[in-house]
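Take a look at the structure set out below.
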Amino acid sequence: MMFFTRSLVALTLILAVAGGQAQELTIPSIDKVPRINRSSPRPPAQVLRTSAFILKFEEHPVTGKHYVILTDHQEDVYLKPLYRLAKHREGTLLQVEDLNALASEQEKRQELQEKLRDLDVKFLAIAPRTKSYRENTLLALWETLTTLDDDPQLDVYPGILMASNPKSFARLIQQSIDHQPRTAENVKPLAISQVRTRSELRSLQKAGILRNVFASYGIKTPIVAIYSPEAKGSPELPGDDVWNLSTAGPRKFVTKFPEAPARVLQESSLVVMHGHGIPGMSCSVDIDAIPVDFSGKIVLSGSCFSASPVQSDLPAMSRAPGGYTVSKRAAFATQCVDQGSLVFFGHMRLSSGFPHLYPVLEQWLAGKTVGESYQQLINGIIGMRGYRSGKFIVPDPARAERRLAQNTALYVVLGDPALVPVARLSKK
């Protein structure tokens, strides 16, 4: 893979595009980005087109008090780390035979409900086998966990613990046990954005927004912007810590970073990515570009398929947004966790990107746990979409259409739900 580094220029807001029209790159301050819920007025078309809005979160306290690990693992190499985590959190390990059965068997969901009520669960660490990590299984869990009481919202703080092999799984658990929330001195963000065409600047915009957000805490944010050949002549963000890379072709990806951005990636503790994705690629970054040692990294990806399952319940898609060919490869999330990531935010299928990613990041910067931020995301989506009991599970997943009504609920946060990624940051 060949790259060249594009020269930095002063921020240019108007980009001439074909047909004599102009595409404007604006970097709004975060307080000017609208926060919306079901009752909000519809944002302007430009806001929707550039995904320059944020899903409004609201707290929904849970009544439970205990930490529970739910798993269908049967092998000691997976159970031993889970028992260590349960001991560390003073919690309970709850084993079931097969988490996949929740989607098809109502009695299994009812049985699980009763057990969770009896255990008075607050934090629920879901540890599926790789073959149990599927879309309809996750939706069946939402069906179960939103019906622990009478309101339609999620009533626990969840998180998913998963890796593709026992060694990586044990490392994930041990890192979770050993983790101390990162203080401002140890928060080293990196924003990665994709510029696919001259008119598609929303990912670059989000890097600029994030840089300003972190600057308000006195934290510098290096940026890697990856340009496709069709994006030649696009605006570039100014700054000393900006690397503008170009791919060798329209559907080529970064498989190895140049020395300077590779060093910054290795040194980072918090990686935030915006752009298109497919299994094996997020924001034009191929899984081969992930450092072998990715220990302790907190990663948020706004890409489609960033947390895709090995075995899907749903019909295969041949093309993803952006025109990328979907092939069977390891998910970006899986590769990151296998190489040491502590927490990963992503989506099993078609992600909405920034509007749902940013409020999760914001919660983490405010010192919230993995589980509470995940719960607020799913509850915000439930409120926005009007999901209710009986409507989560896809009744015939093999025949589901591409525009799946439940798609929005397929966000995934891989990480210990009781873990606090970042100590509460203060504005400078």
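All of the numbers you see were taken from the coordinates with simple rules; none came from a lab. Since we're looking at a predicted model, the values are computed, not measured. When we count neighbours, we look across all protein chains shown, and the Cβ atoms used for this are built from the backbone with ideal geometry, even at glycine.
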What is the magnitude of the charge dipole of the range 66-164 about its Cα centre, with +1 placed on the Cβ of each Lys and Arg, -1 on the Cβ of each Asp and Glu, and no other charges, expressed in debye to the nearest 20?
560 debye
Would you mind classifying the range 339-386 by shape? Square roots of the alpha carbon gyration tensor eigenvalues, ordered a ≥ b ≥ c; an a/c under 1.5 is rounded, otherwise it is prolate if a/b is larger than b/c and oblate if not.
oblate
Taking 20 Å as the cut-off for C-alpha to C-alpha distance, list the pairs among Lys87/Lys368; Lys252/Lys328; Lys80/Lys368; Lys65/Lys368 that go past it.
Lys87/Lys368; Lys80/Lys368
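Taking N as the number of residues in the chain, what value does Rg over Cα atoms divided by 2.2 N^0.38 Å take? Write out the running numbers ahead of the final one.
On the way: Rg = 20.8 Å, N = 428, 2.2 N^0.38 = 22.0 Å.
Expressed relative to 2.2 N^0.38 Å, the Cα Rg reads 0.95.
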Which whole-Hz ³J(HN,Hα) couplings does the range 334-347 yield from phi under the Karplus relation 6.51 cos²θ - 1.76 cosθ + 1.60, θ = phi - 60°, glycine and proline marked x?
4, 5, 4, 5, 4, 9, x, 4, 8, 9, 9, 9, x, 9
Cα lying deepest toward the dipole's positive end in the range 41-86, options Leu79, Thr50, Val68, charges on Cβ:
Thr50
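Rounded, prolate or oblate: which fits the range 321-428 when a ≥ b ≥ c are the square roots of the eigenvalues of the alpha-carbon gyration tensor, with rounded for a/c under 1.5 and prolate only if a/b beats b/c?
Details: a/c = 2.04, a/b = 1.38, b/c = 1.48.
Oblate is the answer for the range 321-428, as a/c is 1.5 or above yet b/c matches or exceeds a/b.
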Given contacts defined as C-alpha pairs under 8 Å and at least six residues apart, what's the relative contact order of the chain, whole-number percent?
21 percent
Assign one of three labels to the range 181-223, namely rounded, prolate or oblate, based on the Cα gyration tensor with a ≥ b ≥ c the square roots of its eigenvalues; rounded applies when a/c is under 1.5, prolate when it is not and a/b is larger than b/c, and oblate otherwise.
prolate
Using a Cα-Cα cut-off of under 16 Å, which lysines could be cross-linked to Lys220, ignoring same-chain neighbours fewer than 8 residues away?
Lys188, Lys206, Lys427, Lys428
If one compares the long axis through the Cα atoms of helix 135-145 with the longest principal axis of the Cα atoms of the chain, the angle in degrees, nearest 10, works out at 60 degrees
Read phi for every residue in the range 45-50 and hand back ³J(HN,Hα) as whole Hz from Karplus 6.51 cos²θ - 1.76 cosθ + 1.60, θ = phi - 60°, with x for Gly and Pro.
4, 5, 5, 5, 5, 9
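Of all the C-alpha pairs in the range 66-164, what % are more than 17 Å from each other? All intermediate terms of the calculation are to be shown ahead of the outcome.
Values: 2270 of 4851 pairs.
Summing the P(r) of the range 66-164 above 17 Å gives 47 percent of all pairs.
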Residues whose placed amide H lies under 5 Å from that of Thr92, excluding near-sequence neighbours:
Tyr67, Val68, Ile69
Helix 202-215 against the longest principal axis of the chain: what's the angle in degrees, Cα atoms only, rounded to the nearest 10?
80 degrees
The local net charge around Thr26, scoring Lys/Arg +1 and Asp/Glu -1 for residues other than Thr26 whose Cβ lies under 15 Å from its Cβ, equals +1
Please go through the range 340-428 and write out the GluC sites (Glu not before Pro) that DSSP classes as loop and that have at most 11 other C-beta atoms within 10 Å.
Glu401
Between the range 200-242 and the range 110-143, how many Å separate their Cα centres?
38 Å
What are the residues whose amide H is under 5 Å from the amide H of Tyr217, where those residues sit 5 or more places off or on another chain and H is modelled from the backbone?
Lys428
Output ordering of 185-198, 333-346, 40-53 (per-residue mean of other Cβ within 10 Å, highest first) is 333-346, 185-198, 40-53
Nearest-20 debye value, the chain charge dipole, Cβ charges on Lys, Arg, Asp, Glu:
1220 debye
Roughly what angle does helix 370-385 make with the longest principal axis of the chain, taking Cα atoms, 0 to 90 degrees, to the nearest 10?
80 degrees
